[in-house]
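The values are calculated or read from the model by the stated rules, or taken from the named source; none is laboratory data. Just so you know, these numbers come straight off a predicted model, no measurement behind them. In this analysis, Cβ positions are derived from the backbone assuming ideal geometry, glycine residues included, and neighbour counts consider all displayed protein chains. Side chains included, ligands, DNA and RNA excluded: accessible areas come from the protein's heavy atoms. Shrake-Rupley method; radii C 1.70, N 1.55, O 1.52, S 1.80 Å.
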Amino acid sequence: MGKHYETIPPEVVPWIKKQHVFFVGTAPLSPGGHVNISPKGVEGTFHLVDERTCWYEDLTGSGIETISHIRENARITIMFCAFEGPPRILRLWGTGWSCIP
């Protein structure tokens, strides 16, 4: 059974930092739209600020679907999964915004 936390537990932080790939999921409000799931994984682009805040640099992509969805409704899920060692999946649910340099 999965565990739910109100904040990112300190014991998972080292595991998060070791992951080479993570996935970002967003969706529009419209029932006619579709869920967008994008793999990410350029080293050094995911950052934990504190137990409730993280950010990532979106350096590549085929479009701006993630940004469009976030501007529409701010919902975002970031998922990490183990590709080495024991099975593990961690999802961060929250709200996001885009920041263009």
### Query
Taking only pairs six or more apart or across chains, which ones have beta-carbon atoms under 6 Å, a first residue in region 73-101 that is over 15 Å from Ile37 (Cα atoms), and a second residue that is assigned to a loop (DSSP other than H, G, I, E, B) and open to solvent by 30 Å² or more (accessible area, probe 1.4 Å)?
Asn73/Leu29; Ala82/Arg88
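Give Phe23, Phe80 a once-over and let me know the one that is among the aromatic types (Phe, Trp, Tyr) and open to solvent by 40 Å² or more (accessible area, probe 1.4 Å).
On the way: Phe80 fails: open to solvent by 40 Å² or more (accessible area, probe 1.4 Å).
Exactly one residue qualifies, and that residue is Phe23.
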### Query
Hey, Ser38 hits all of (1) within 11 Å of the chain's Cα centre (by Cα); (2) of a type in the set (S, T, N, Q); (3) surrounded by fewer than 14 Cβ atoms within 10 Å (Cβ to Cβ) but one; which does it fall short on?
(3)
### Query
Given the residues Pro28, Pro14, which is the only one that is modelled with pLDDT of 95 or more and touching a His at 6+ places or on another chain (Cβ under 7 Å)?
Pro28
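Does Gly32 meet the test of being farther than 26 Å from Asn73 by Cα and either part of a loop (DSSP other than H, G, I, E, B) or small (Gly, Ala, Ser) (or both)?
Details: farther than 26 Å from Asn73 by Cα: no; either part of a loop (DSSP other than H, G, I, E, B) or small (Gly, Ala, Ser) (or both): yes.
The answer is no for Gly32.
Filter region 89-101 down to residues that are surrounded by 10 or more Cβ atoms within 10 Å (Cβ to Cβ) and either among the hydroxyl-bearing types (Ser, Thr, Tyr) or in contact with a Phe, Trp or Tyr (Cβ under 7 Å, 6 or more places away or on another chain) (or both), then give me how many there are.
We begin by selecting, within region 89-101, every residue surrounded by 10 or more Cβ atoms within 10 Å (Cβ to Cβ); these are 90-94, 96-98.
With either among the hydroxyl-bearing types (Ser, Thr, Tyr) or in contact with a Phe, Trp or Tyr (Cβ under 7 Å, 6 or more places away or on another chain) (or both) added as a condition, the list becomes 90, 98.
Result for region 89-101: 2.
Just to verify a result, which residue in region 26-35, among those that are over 16 Å from Phe80 (Cα atoms) and under 15 Å from the mean Cα position of the chain (by Cα), is most open to solvent (accessible area, probe 1.4 Å)?
Filtering region 26-35 for residues over 16 Å from Phe80 (Cα atoms) gives 27-35.
When the remaining residues are screened for being under 15 Å from the mean Cα position of the chain (by Cα), the result is 27, 35.
Numbers: Ala27: 24, Val35: 97 Å².
Residue satisfying both the conditions and the ranking: Val35.
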### Task
Search region 41-91 for residues being in a loop (DSSP other than H, G, I, E, B) and of a type in the set (Ser, Thr, Tyr), and hand back the single one that is nearest to Ala27 (Cα to Cα).
Ser62
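I'm trying to understand the selection: among the residues of region 43-54, which are surrounded by 13 or more Cβ atoms within 10 Å (Cβ to Cβ) and either closer than 24 Å to Glu6 by Cβ or more than 13 Å from the chain's Cα centre (by Cα) (or both)? Talk me through it step by step, then tell me what you get.
Of region 43-54, the ones surrounded by 13 or more Cβ atoms within 10 Å (Cβ to Cβ) are 45-46, 48, 51, 54.
Hits for region 43-54 are Phe46, Leu48, Glu51, Cys54.
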